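First the structure, in the form of structure tokens, and then the observations on it.
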């Protein structure tokens, strides 16, 4: 697993050169956004269970056959495996967001995921849909705009002071990690 700093060092080492001023500027930017990055990761991590269960429920609502006999979320152990896999994907996306680098996501989560799911008979369209739902939820939580209409009394806002334009880059970065997952499954 590499973070932004390790990636810069490995890259410079591979080209037998020093870290240039442009890369140092990028690392300064990474550090200046560290608190926003931590807020974004905290927003996702503290809502992870709800995000995953809502994504799986949304996926099932769109395809009722998944929970019927012979479906991929039937019986309970398959449903539990689906929820577990959703949490694993979300966890690795947050790791990548925290590190500012997708290598942990690629190496530990996505490497061979499509082949494994194909061997197990897991429908990729349903899995992709669940990841799309988690992507939308993550963006809402990073922007600190969870759906008040659906959450009701259970609404939890982080109270972040991050403004809309300052978190747009984090939303885009998190979205790119979810898109990597979707691409790996497609």
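The values are calculated or read from the model by the stated rules, or taken from the named source; none is laboratory data. Bear in mind that the values here come from a model prediction, so they are computed numbers and not experimental data. Because the Cβ atoms are built from the backbone with ideal geometry, glycine has one as well, and the counts that use them run over all protein chains shown.
To keep it simple, each residue is scored yes or no on (1) buried (at least 21 other Cβ atoms within 10 Å of the Cβ); (2) in contact (Cβ under 8 Å) with a residue 12 or more places away in the chain; (3) in the same structural domain as residue 6 (by TED's automatic domain parsing); (4) within 27 Å of residue 167 (Cα to Cα).
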position: 89; (1), (2), (3), (4): yes, yes, no, yes
position: 96; (1), (2), (3), (4): yes, yes, no, yes
position: 103; (1), (2), (3), (4): no, yes, no, yes
position: 108; (1), (2), (3), (4): no, yes, no, yes
position: 113; (1), (2), (3), (4): no, yes, no, no
position: 118; (1), (2), (3), (4): no, no, no, no
position: 121; (1), (2), (3), (4): no, yes, no, no
position: 129; (1), (2), (3), (4): no, yes, no, yes
position: 138; (1), (2), (3), (4): yes, yes, no, yes
- Query: Can you tell me how many residues in the stretch 24-49 are more than 18 Å from residue 92 (Cβ to Cβ) and in contact (Cβ under 8 Å) with a residue 40 or more places away in the chain?
  - Reply: 4
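Yes or no, residue by residue, for (1) over 19 Å from residue 180 (Cβ atoms); (2) at pLDDT 95 or above:
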position: 69; (1), (2): yes, no
position: 79; (1), (2): yes, no
position: 108; (1), (2): no, no
position: 114; (1), (2): no, no
position: 117; (1), (2): no, no
position: 129; (1), (2): no, yes
position: 132; (1), (2): no, yes
position: 149; (1), (2): yes, no
- Task: With the condition kept exactly as written, say whether any residue in the stretch 50-61 is within 12 Å of the chain's Cα centre (by Cα) and not in a loop (DSSP other than H, G, I, E, B).
- Result: yes
